[in-house]
Every structure is written in C-alpha cells, then in structure tokens.
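Only one structure is covered here, and it is reproduced in the block below.
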Amino acid sequence: MRKSNAPVSPQVGYTLLVTTWLCWGFSYPATAFVLESMDVWSSRVVVMTAAAAVLLVLGRMQGASLAVPRSHWRDLIIAAICNMAIFQICMTYGVQLLSAGRTSVIIYTMPLWAGIFAHFLLGERLTRARFLAMALGLVGLVVLIWQDLSHLRNAPLGAGLTLFAAVFFGLGVVWMKRRLWQNDPTILAGWQLLIGAVPVTLIWSLGDATLSLSSISRESWLAIAYLIIIANALAYFSWFRVIAAFPATVTGIGAMAVPIVGVMASAWLLDEKLGWREWLALALIISALATNLASTLRRAPA
C-alpha cells in the first residue's frame, strides 16, 4: 500500500502551512454568509459531503488507494467524530450565536487543549509554561465575551459551543498522532469528512431543518463553494500533510496565525467592529499559544 507520509520540502511545507491558515481564517466570514440562507445542519451536510467527495476523488486521481487497513478504522472513526462531526457543528453554531471573528479566536485555543490531551494520551509532560499558557488563554476568552454576556442572550451558549469545538479539535489532532497512518493524507481527510457527515446527516434528516436550494442567495452559493473547495478540501489537503511532515511546534505556528486572519477577514467582509476587548483577547490568546510554543522549542532536541 502506498505510504501516506511522503516527505515534502521545507518550501512546499511552509507554503501548505500558509495556505491552511488563509483558507481557515476566511472560512469564518464565509460561514456567516452561508447562514444567511441556510440553517446550521443543512449547511454542514452540504459542505462536508461535497468536500469529502472532492478529496476522495482527488486522492484516487493521485493514485492513492481508498482502502483503509481494518486495524485503523477505530482510530479513524474516533478522529472523524472529533475533528469533523463535533467540531464542524459546534463551530458553525458559534458563528451563528456569537460572531465569526470571536469564534475564530476561541477555536484556535486548540493547541492548549491538544497539550493537555497529549499529556494523557501520548505521555507528554505538562509544564508550568503550559499551565501559564492555559491561564492566558482562558483570561482571553473571558475578556472576549464578558461584554456580550449582559447584552446578548445567546453569547454564553455560542462561546460554550465554540470552546467545545476547540476542545474536540485538539483531541482529534492528538488522536491522529497516536498511530502511524498508511494512507495518503488526502484519503484520510476525505474519509474523516465522510464519516463525520454520517451522524450530521442522520440528525439533520430527523430534525425540522429543510434544504431549499431555490432560497439560497448568490452570495451564499459563492460562500458554499468557498467552504467546500477552499476551506475544507484544500485546507485539509494541506493540513494533513503539515501534520505528517512537520513537528507539532511548526503546526502550532500555523494555528497561531488563523485567529488573526479570521478576525481581520470578519472585520473586512462582515463589518464586525474591532474594539479594545477584541485586540486584548487576541493578544492574550496569541501570548498563550506563543508561551506554549516557546516551552516546546526549549525542550526540543537540537
């Protein structure tokens, strides 16, 4: 079977890293545009299934096998539920109930939660720097939503769901690192999206949500196309190669950049106001991630 972890050059790797945070940063305002014409569950069914098809077809065109070893399916399903099903639904509700910019900042506390899961699942040591990073990140979250708690009824729920998405995103990333995968990263990404779409589609079919294609605006169609092709297919194509090719410290740098892109893109495309709370929260969370990254670099071998 073709090996999945084919090495890439540093230049290609960093290009994929930059591609990932641009794709994901702009996905938050794109999600807000989609939610103007579609409900949360319908949007995720369309985006996840279509992006899964794109990735699996692309993987086959590259000559990769769709077959996954039987012993890998358990870990693949667990990672898919965390990385795709829970993450995508909770993140989308966060955009709807909170805001695109705030959601992007909360989501990318993911490396902090990944550090905790890595301690228990991979045996990585928790340090004082990690605890300091966690404290800075949590203070940033409180600063971000404090004003909204007394003005927006849905702000606590939106922030809670977004934080839930970040936690499971971190768990999914660590779970993927528990095994040496034999499949091509494109195939793994496609299967995870398709597996994650199964419970989402089931809940959607049992609920009251309806999908009316005629009611979707042109702007929403463009946003849907962006989410399918760019924010999911291209981003996961790049992200799974970054995970396979580089140490966790490098992927952490990529995660640090996404909330910056998300906040700026939301301010530009959605006219979301950037006040001192947003800038302070962004600075605290970036400081938390930088603290976590610096401690990892000090412990890394030369």
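The values are calculated or read from the model by the stated rules, or taken from the named source; none is laboratory data. Only a predicted model underlies this, so the values are computations on that prediction, with no experimental measurement involved. Every residue, glycine as well, gets a Cβ built from its backbone with ideal geometry; the counts of neighbours run over all protein chains shown.
Results, tabulated for the structure shown:
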{"quantity": "Yes/no for SER150 being at pLDDT below 80 and out of contact with any His (no Cβ under 8 Å at 6 or more places or on another chain)", "calculated": "yes"}
{"quantity": "Check on GLY59, surrounded by 20 or more Cβ atoms within 10 Å (Cβ to Cβ), within 16 Å of the chain's Cα centre (by Cα) and in contact (Cβ under 8 Å) with a residue 24 or more places away in the chain", "calculated": "no"}
{"quantity": "Unique match (being of a type outside the set (Ser, Thr, Tyr), at pLDDT below 80 and not in a helix (DSSP H, G or I)) among LEU274, LEU293, LEU297, LEU289", "calculated": "LEU274"}
{"quantity": "Residue count, region 176-227 (criterion: outside any loop (DSSP other than H, G, I, E, B), modelled with pLDDT under 85 and either of a type in the set (A, V, I, L, M, F, W, C) or surrounded by 14 or more Cβ atoms within 10 Å (Cβ to Cβ) (or both))", "calculated": "1"}
{"quantity": "Output for region 106-140, where each listed residue is out of contact with any Lys or Arg (no Cβ under 7 Å at 6 or more places or on another chain), in a loop (DSSP other than H, G, I, E, B) and surrounded by fewer than 21 Cβ atoms within 10 Å (Cβ to Cβ)", "calculated": "GLY123, GLU124, ARG125, LEU126, THR127"}
{"quantity": "So VAL47, is it out of contact with any Cys (no Cβ under 9 Å at 6 or more places or on another chain), buried (at least 17 other Cβ atoms within 10 Å of the Cβ) and assigned to a helix (DSSP H, G or I)", "calculated": "yes"}
{"quantity": "Residue match in region 41-62 (condition: touching a helix residue (DSSP H, G or I) at 6+ places or on another chain (Cβ under 6 Å), at pLDDT below 95 and charged (D, E, K, R))", "calculated": "yes"}
{"quantity": "Matching residues in region 259-271 - criterion: being buried (at least 20 other Cβ atoms within 10 Å of the Cβ) and modelled with pLDDT under 80", "calculated": "PRO259"}
{"quantity": "Filtered residue count, region 1-11, keeping only those that are surrounded by fewer than 13 Cβ atoms within 10 Å (Cβ to Cβ) and either of a type in the set (A, V, I, L, M, F, W, C) or modelled with pLDDT of 75 or more (or both)", "calculated": "2"}
{"quantity": "Pairs, first modelled with pLDDT under 80 in region 94-111, second outside any helix (DSSP H, G or I), C-beta under 9 Å, six or more apart", "calculated": "SER99/GLU272; GLY101/GLU272; GLY101/LEU274; ARG102/GLU272"}
